[in-house]
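Student: Take a look at the following structure, please.
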């Protein structure tokens, strides 16, 4: 089903609002990364992904792996908005016996493909899933989300080499290039640039995009599906805390939830951003 850009913008707003509400209810969790990824999750789940919320284990489905599992609030909010489970579950984030824990658990949550915690390992999990589909002759796509700070892990670069060696055409990595990690700015902790050139040197198909431009995100995801003989990576330049003025670009919001007053301010910021986007011209994604 194709949507107008305005419909996708509204969906991304709904997901961001849900992220704020669920983090407030939990009293713990990560704010910056989930808010920054809302546009990409929206484009993927509501415009590109081949999936069935009523049948999460459908054999021919595309798979989504979230290696940077601490951003799971955006995953949970997206899954709830897509119909995988009731939105009421979102208020149980990080609670005892909740199906929505602080890192994803594939045994508990409908639509969650991988359990994650240690950074770097989700990349290898995704490659295993994509390789299984490849060996079985399925053409399903596997998408794996990675934090940029996560690329400090040596295991990621082993995975990058392996995927090329196996000519994994149906694998697309999405790097959340928001330039922050828990210890500060990525280029201060462990410089990554030039990141695109690094992936190109390993023979990946590389695209670098604005991670908040819905059109660009959809185009990049579709372009990656057309590549044959090598895996693809989309380096998505995002703003941590996107849409909430007092969170944007600030590493301290990597792993901190808003309090009641901050949540109210965040909701107003998100509403203001939605109204701004609604006034933009050329808002139809597909004619």
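Student: Go through segment 234-287 residue by residue and tally those that are under 22 Å from the mean Cα position of the chain (by Cα), farther than 17 Å from residue 176 by Cα, part of a loop (DSSP other than H, G, I, E, B) and at pLDDT 95 or above.
Tutor: Summing the residues that are under 22 Å from the mean Cα position of the chain (by Cα), farther than 17 Å from residue 176 by Cα, part of a loop (DSSP other than H, G, I, E, B) and at pLDDT 95 or above in segment 234-287 gives 5.
Student: Could I ask something else about it? For residue 222, all conditions in the list (1) surrounded by 17 or more Cβ atoms within 10 Å (Cβ to Cβ); (2) in contact with a helix residue (DSSP H, G or I) (Cβ under 7 Å, 6 or more places away or on another chain); (3) assigned to a helix (DSSP H, G or I) hold save one; what is the number of the exception?
Tutor: (1)
Student: Among (1) modelled with pLDDT of 95 or more; (2) surrounded by 21 or more Cβ atoms within 10 Å (Cβ to Cβ); (3) assigned to a helix (DSSP H, G or I), where does residue 109 come up short?
Tutor: Only one criterion in (1) modelled with pLDDT of 95 or more; (2) surrounded by 21 or more Cβ atoms within 10 Å (Cβ to Cβ); (3) assigned to a helix (DSSP H, G or I) is unmet by residue 109, namely (3).
Student: Please find, within segment 2-42, the residue that is surrounded by the most Cβ atoms within 10 Å (Cβ to Cβ) out of those that are more than 17 Å from the chain's Cα centre (by Cα) and not in a helix (DSSP H, G or I).
Tutor: 3
Student: Against the condition in a loop (DSSP other than H, G, I, E, B), farther than 16 Å from residue 64 by Cα and modelled with pLDDT of 95 or more, how does residue 198 come out, does it pass?
Tutor: For residue 198, the condition - in a loop (DSSP other than H, G, I, E, B), farther than 16 Å from residue 64 by Cα and modelled with pLDDT of 95 or more - is not met.
Student: If you check residue 216 against the conditions, is it without any contact (Cβ under 8 Å) to a residue 12 or more places away in the chain, part of a helix (DSSP H, G or I), within 17 Å of the chain's Cα centre (by Cα) and within 30 Å of residue 4 (Cα to Cα)?
Tutor: For residue 216, the condition - without any contact (Cβ under 8 Å) to a residue 12 or more places away in the chain, part of a helix (DSSP H, G or I), within 17 Å of the chain's Cα centre (by Cα) and within 30 Å of residue 4 (Cα to Cα) - is met.
Student: Mind listing just one residue for me: the one in segment 152-187 that is modelled with pLDDT under 85 and either loosely packed, with under 14 Cβ neighbours inside 10 Å or in a loop (DSSP other than H, G, I, E, B) (or both) and, of those, nearest to the chain's Cα centre (by Cα)?
Tutor: 182
Student: Starting from segment 136-148, take each residue that is without any contact (Cβ under 8 Å) to a residue 60 or more places away in the chain and list its partners that are in a loop (DSSP other than H, G, I, E, B), counting only C-beta distances under 8 angstrom and pairs at least six apart or across chains.
Tutor: Between residues of segment 136-148 that are without any contact (Cβ under 8 Å) to a residue 60 or more places away in the chain and residues that are in a loop (DSSP other than H, G, I, E, B), the close pairs are 139/170; 148/178; 148/179; 148/192.
The values are calculated or read from the model by the stated rules, or taken from the named source; none is laboratory data. For clarity, every value in this text was computed on a predicted model and none was experimentally measured. Neighbour counts are summed over all protein chains in view; Cβ atoms, including those assigned to glycine, are modelled from backbone coordinates with ideal geometry.
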